[in-house]
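Chemist: One structure, as structure tokens, below. Some questions next.
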Amino acid sequence: EAQVTQNPRYLITVTGKKLTVTCSQNMNHEYMSWYRQDPGLGLRQIYYSMNVEVTDKGDVPEGYKVSRKEKRNFPLILESPSPNQTSLYFCASSLSHRRYTEAFFGQGTRLTVV
Amino acid sequence: QKEVEQNSGPLSVPEGAIASLNCTYSDRGSQSFFWYRQYSGKSPELIMFIYSNGDKEDGRFTAQLNKASQYVSLLIRDSQPSDSATYLCAATTGGFKTIFGAGTRLFVKA
């Protein structure tokens with residue numbers, strides 16, 4: 001089954017404790033993204049990756065890091081989480097940036113930073 | 001700041017009616033446009049994409065694009081209660097980013 005898998009689904013952590021949210025896709029997609037979704041603000045792109053070892057900032061990259069060492073995986077790293085990073089996070093993948101004929105989102109990760 | 005604007009709603013239509021959802025975008029370099037449906041507590045699901053001016057139809061859904069007016073719309077014919085969701089409009093920028101609107105909540109009354 002074609003899918004994007006995020007883990008964990010729910011996470012409560014304390015300020016400053018490094019964490020990683022994993023994202024994996026099984027469709028050989030080139031383009032992967034991370035978004036955060038906050039009430040009234042919609043989805044905002046954090047980072048995206050055009051392919052292996054090619055990543056770039058989205059609109060809200062501050063406080064986040066990503067890596068793309070393998071095509072299927074695109075982890076999101078919060079080196080020192082703060083309460084303003086409490087949000088719902090989605091990973092997404094598509095065949096390529098402009099061809100969204102196959103655009104998939106993961107199930108989401110609800111992160112709370114206290 | 002490049003933006004995608006949507007009316008937050010809620011938009012309420014009776015079952016069987018046409019629901020019309022609208023979106024404007026600020027970046028004239030945007031090439032590709034998408035409509036996602038998001039049920040409460042769920043992930044966004046792509047329902048339509050459009051790249052060229054004009055209309056694109058898929059079942060009960062029609063996407064309309066007017067690049068001169070920087071305007072995208074989604075029509076849902078014969079609306080069903082199961083169409084009740086938040087609809088997100090998105091556009092690619094001149095680079096490789098994707099910008100989403102805040103979404104329009106649609107309620108279809110049985």
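The values are calculated or read from the model by the stated rules, or taken from the named source; none is laboratory data. Here the structure is a predicted model, which is why all the values come from computation and not from measurement. Glycine gets a Cβ as well: all are built from the backbone with ideal geometry, and neighbour counts include every protein chain shown. To get the accessible areas, we keep the full protein, side chains included, count just its heavy atoms, and leave off ligands, DNA and RNA. Shrake-Rupley method; radii C 1.70, N 1.55, O 1.52, S 1.80 Å.
Chemist: Once you list every other residue whose beta carbon is under 15 Å from the beta carbon of B:Lys42, what net charge do they have if Lys and Arg are +1 and Asp and Glu are -1?
Modeler: Residues close to B:Lys42 contribute a combined charge of +2.
Chemist: Does any residue of segment B:86-110 lose at least 40 Å² of accessible area with all protein chains in place compared with its chain alone, and if so which ones (probe 1.4 Å)?
Modeler: B:Phe96, B:Lys97, B:Thr98, B:Phe100, B:Ala102
Chemist: Averaged over its residues, how many other protein chain Cβ atoms are within 10 Å of peptide A:60-68's Cβ atoms?
Modeler: Mean partner shielding for this stretch: 0.
Chemist: While we're looking at this one, here's another question. How large is ³J(HN,Hα), in whole Hz, for each residue of segment B:22-28 in order, when computed from phi with the Karplus curve 6.51 cos²θ - 1.76 cosθ + 1.60 and θ = phi - 60°, using x for Gly and Pro?
Modeler: 10, 7, 10, 10, 9, 8, 5
Chemist: Same structure, new question: Cα centroids of segment B:73-88 and segment A:49-88: how far apart, whole angstrom?
Modeler: Comparing the Cα centres of segment B:73-88 and segment A:49-88, I get a distance of 32 Å.
Chemist: Could you pull the accessible area for A:Met50 with a 1.4 Å probe, rounded to 10 Å²?
Modeler: 50
Chemist: Please report the net charge: other residues with Cβ closer than 9 Å to the Cβ of B:Val108, K and R +1, D and E -1.
Modeler: Charge balance in the 9 Å sphere: -1.
Chemist: Provide the packing ranking of B:70-80, B:2-12, i.e. peptides ordered by the mean count of other C-beta atoms within 10 Å per residue, highest first.
Modeler: Output ranking for B:70-80, B:2-12: B:70-80, B:2-12.
Chemist: Between beta-carbons, use under 15 Å as the cut-off and find the net charge around A:Gly40, counting Lys and Arg +1, Asp and Glu -1.
Modeler: 0
Chemist: Additional query: Once phi is turned into ³J(HN,Hα) by the Karplus curve 6.51 cos²θ - 1.76 cosθ + 1.60 with θ = phi - 60°, what whole-Hz value does each residue of segment B:68-81 show in order, with x for glycine and proline?
Modeler: Those phi angles translate into 5, 8, 6, 9, 10, 9, 10, 10, 10, 8, 6, 4, 10, x Hz.
Chemist: Hey, what do the phi angles of segment A:19-29 turn into as Karplus ³J(HN,Hα) couplings, whole Hz, using 6.51/-1.76/1.60 and θ = phi - 60°, x for Gly and Pro?
Modeler: Karplus-based 3J(HN,Hα) across segment A:19-29 equals 9, 10, 9, 8, 9, 9, 10, 10, 10, 6, 6 Hz.
Chemist: Between B and A, buried accessible area summed over both sides at probe 1.4 Å, in Å² to the nearest 100?
Modeler: Its buried surface, counting both partners, is about 1900 Å².
Chemist: Can you tell me which of A:Lys65, A:Lys18, A:Lys57 moves the most in a GNM of chain A? Springs connect C-alpha atoms under 10 Å apart.
Modeler: A:Lys18
Chemist: For segment B:6-45 and segment A:9-35, write down the distance between their C-alpha centroids in whole Å.
Modeler: Taking the Cα centre of segment A:9-35 as reference, the centre of segment B:6-45 is 26 Å away.
Chemist: Identify all lysines with a Cα-Cα distance to A:Lys69 below 28 Å; exclude those on the same chain that are fewer than 8 residues away in sequence.
Modeler: Partners found: A:Lys17, A:Lys18, A:Lys57, B:Lys97.
Chemist: Excluding ligands, DNA and RNA, what is the solvent-accessible area per residue of chain B at a probe of 1.4 Å, expressed in Å²?
Modeler: Heavy-atom accessible area per residue stands at 46 Å².
Chemist: Sticking with this structure for a sec: Take the cross-link list A:Lys65/B:Lys56; B:Lys67/B:Lys109; A:Lys71/B:Lys67; A:Lys71/B:Lys2 and give me the ones stretching past 31 Å between alpha-carbons.
Modeler: Too far apart for the 31 Å limit: A:Lys65/B:Lys56; B:Lys67/B:Lys109; A:Lys71/B:Lys67.
Chemist: Fully extended, how many nm does the chain gain between A:Thr112 and A:Ser96 (0.36 nm per residue separation, minus their Cα-Cα distance)?
Modeler: Stretched out fully, the A:Thr112 to A:Ser96 stretch lengthens by 2.6 nm.
Chemist: Leaving out ligands and nucleic acids, note down the accessible area per residue over chain A with a 1.4 angstrom probe, in whole Å².
Modeler: 47
Chemist: Scan around A:Arg110 for amide H atoms under 5 Å from its own, H built in the peptide plane at 1.01 Å from N, and keep only partners 5 or more places away or cross-chain.
Modeler: Hits under the 5 Å cutoff: A:Tyr10, A:Leu11, A:Tyr89.
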